[in-house]
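Take a look at the structure below.
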Amino acid sequence: MEKLKQELENIKNNKTMAKAVYTHLIENYDQISDHVQEKTLSGCIDYLFKKAKSQAKNNCAVVEDSKVYKWAVEYYTTEPKEESKERVEEPEEKREEKPKEKSEENQISLFEMMG
């Protein structure tokens, strides 16, 4: 529990959310105690944002507290996936640069529409 408390004190961003998640984790410490040393509270917060982002529609997500708390416990109780350390890159000559689109070309001014 002391490790989580120390990690909470070191969090700079999303402090309010981190405090709420921390409180839930302490209340459910028996479920996560075997994994606390392997993972971090900041990693948990990142995980929660990624999970919420995966459910977002039009870049907006609303997630119930109970679901967020469930994800927090899930973060601590699931084994991390092995990521491939080898990265396959295309040879330089095969890479094509995509032309950048100008977002202003497709925009319509409301003032222009009013006449």
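FYI, it's all coordinate maths here, none of it is from the lab. Quantities reported herein were computed from a predicted structural model and do not represent experimental measurements. Glycine also receives a Cβ, built like all others from the backbone with ideal geometry; neighbour counts cover every protein chain displayed.
Annotations for the structure displayed:
- Loop-located trypsin sites (Lys or Arg not before Pro) in segment 1-65 (DSSP state not H, G, I, E or B) with no more than 13 neighbouring Cβ atoms inside 10 Å: 12.
- The calculated Kirkwood hydrodynamic radius for segment 2-77 is 12.6 Å, given to one decimal from all distinct C-alpha pairs.
- Cut-off 13 Å between beta-carbons: net charge of the residues surrounding residue 8, Lys and Arg +1, Asp and Glu -1: +2
- Theoretical FRET efficiency, 1/(1+(r/R0)^6), r = Cβ-Cβ of residue 67 and residue 2, R0 30 Å, to 0.05: 0.60
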